[in-house]
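All of the numbers you see were taken from the coordinates with simple rules; none came from a lab. Computed from a predicted structure; not experimentally measured. Backbone-built Cβ (ideal geometry, glycine too); neighbour counts: all protein chains shown.
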Amino acid sequence: MSIVLEAATRNYGLVQGVSNVSLELGPGITGILGPNGAGKSTLMKLVLGLARPSLGRVRIDGRDPASDWELRSRFGFVPEYDCFYDHMTAREYVAHFLQLQGVAPDEAGERAAALLDDVGLGDAMERRIRTYSRGMRQKAKFARAIAHDPNLLVLDEPFQGTDPTTRRLLMELIRSWANAGRTILLSSHILHDVEALTDRIVFLSGGQVLAVGDRHAIQKLMPHVRQKVRLTPADAGQRPQLARLLLEQPSVEGVSLQRDWVEVDTTDAETFHRALPPLLRKAKIAIHAIDSPGEDLEALYEKLVGGEQWKA
Amino acid sequence: MESVGEEVARLLQIGRPVFRDGVRQFLLARSTLIIAALLLTPGLLSGWFWYDSRGKVETQVIAGDEVRVFEGEVLHAVMADVFYGLAFHLYLPLVVALVALLGAVELLNTEFKQKTMQLLRTSPVRMYEILLPKLLAGTLGTFVAVGTPLTVMYLALLAHGGSFGLREHLPLLGAVLGTLLLASLAYTSIFLLINALVQRPLPVSLVYWLVWEVMLASGDSQRFSIMHYLRSFALPRLKYLDVEADSLNLTVETVTDFSATVTSIATDPWQSVGVLLAVTAVTFMLASRMLERKQF
């Protein structure tokens, strides 16, 4: 499904949810990142039609999700919060929403049972959801959201409160849905989880999109952000020579000598990486490994949200 | 565009689980069970009367019917009066609205509290398809929660008059249950609208009920209340008990220099049904619209 937001703004009284957001998202997994109050949930509500934009417009496959009720048969939603009928068992809960999708009661019950079994709730499906642990509830929410085989899945903090096993199971499910061509929007505070699932990121802060696209590409677009590059020579004895050479490079701001490697601070990673191979060839230094310890999603997130990219 | 047949089939398919769940939720709610248990009290008290009057009740044959008499009073007539008084001066004006109010909160406000409304709004359903089964569940729930104790009370009280008493006053029971059904429908729709409009429906519903239905439901202004139309519907069905408009507060007093005239302002019973159904339809449509437009 294609998701298009055109200059979408959503205010809650004087509080701004999102401001002037323009995005085009397609099939696959897109991670939505941002600190609390960044507008992640508002963006998801706009996509699901739970909120209308105060300005601008939102279209899902060219249709308005806020007024087109039939379009909603293609949506699956896992909210951040609990959203259960206290008196229902997991099976009743999933079957109830399947019936609202037009599935006959008997078939709904059978499909609910099969799905709950798939997510590991087979033994507990006849228990009331209010007796469930956090992880089990999350699984029940997932089962409900995917029961009708939707094309668009909106997952708001889907791994909250889950143990590693559940997390791995849910991640596998999400990957399999994405591989099947579904469009998945996923927000999480656990950046490692997003990183493990996708490179396609939307960074939000203060209701605005700070960056969107492949996280490696975003990193390249931030030339003034300080980055660390770790060089591990094959011969550890060459570390001082390597450090001296690196310090002579104009793109290098600082060098620190560690036990096994040399760590470089640079604000121009691209120039640094271009200059590195001829430099190493000339000095006849063999490198065992090059990593960028600060180039994970968390570091990028910190840099973006901290506003470092705006520094000249 | 869907045909009417398809629309009805869809309503039935989507409405069935919502209705079934709503009835279960309503009737198993703690508040409903407590109120229903309290409402059974007058019926139980009639057992005490039976104990107290044992051996003092005589059976006489009057106009070919076996009639029971206690201290010179025809028991079935006394008990019918007691039942009429409790039904029309306590249960119908006070209890029905309270039960419908709590039921509407249980049916709709909990969808907001439990945040399941957001799931309903992301499901391929129109809000009236959800609200209609909830209205019917609320109506049935209120009718059962109040009607069952009322029927038990009728049986317990009129049993003192023997089988003749039970048969003789079936029109009274019919009037009570008919009025109760209309009251359940109208009040449930009004309270569902309040639940769709405000975040804290309980105090707002209580204020509406106390100010509009209790305090304003006298004199001419009662024409704007649901109670007026409920009483107007019941009045002709109670004529056989010699119940007049003033007994149901369906009168206004006009005072001139020389005299005071009391006149009935009862509305025609079928017109009353029409007004109550119209109120239900309008409030239902407004509530559906409000839910459809609700932003999260």
Cβ neighbours within 10 Å, averaged per peptide: list A:28-40, B:282-294 in order, most packed at the top. A:28-40, B:282-294
Arrange B:L135, B:L155, A:L197 by Cβ neighbour counts within 10 Å, fewest through most, would you? B:L155, A:L197, B:L135
What does the average come to when, for each residue of peptide A:92-100, you count the partner chain Cβ atoms lying within 10 Å of its Cβ? 4
Could you line up B:V4, B:V211, B:V96 from fewest to most neighbouring Cβ atoms inside 10 Å? B:V4, B:V211, B:V96
Put +1 on the Cβ of every Lys and Arg and -1 on every Asp and Glu Cβ in the protein assembly as shown; which of A:V212, A:L155, B:F88 then has its Cα farthest towards the positive end of the dipole? A:V212
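When every alpha-carbon pair in chain A is counted, what percent end up more than 24 Å apart? Before the final figure, lay out each step's value.
Numbers: 29398 of 48516 pairs.
The calculated P(r) of chain A puts 61 percent of pairs beyond 24 Å.
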Directionally averaged shadow of segment B:1-51, computed from the convex hull of its alpha-carbon atoms, nm²: 5.8 nm²
Inter-chain shielding of A:76-89 (mean C-beta neighbours from other protein chains, 10 Å cut-off): 4
Put +1 on the Cβ of every Lys and Arg and -1 on every Asp and Glu Cβ in chain B; which of B:V207, B:G274, B:V176 then has its Cα farthest towards the positive end of the dipole? B:V207
Point-to-point label distance, A:D149-A:H87, nm (Cα→Cβ direction, 7 Å offset): 3.3 nm
Sequence of B:V146, A:V119, B:V255 once ranked by neighbouring C-beta atoms within 10 Å, starting from the fewest: B:V255, A:V119, B:V146
With the crude spin-label approximation of a point 7 Å out along Cα→Cβ, what separation in nm comes out for A:R281 versus B:F224? 9.2 nm
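Per-residue ellipticity at 222 nm for chain B, helices alone: DSSP H runs ≥ 4 residues times -39500 (n - 2.57), over residue total, nearest 500 deg cm²/dmol?
Here the helix-only value at 222 nm equals -20000 deg cm²/dmol.
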For the protein assembly as shown, compute Rh as the Kirkwood radius over C-alpha pairs and then the Stokes-Einstein diffusion coefficient at 37 °C and 0.692 mPa s; write the answer in µm²/s, rounded to an integer. 112 µm²/s
Radius 10 Å from Cβ of B:F26, net charge of other residues (Lys, Arg +1; Asp, Glu -1): 0
Work out the mean other chain Cβ neighbour count within 10 Å for the residues of A:43-49 and drop it here as an integer. 2
Expected output is a single nm value to one decimal: the length gained when fully extending between A:S54 and A:D68, i.e. 0.36 nm times separation in residues minus the C-alpha distance. What is it? 3.3 nm
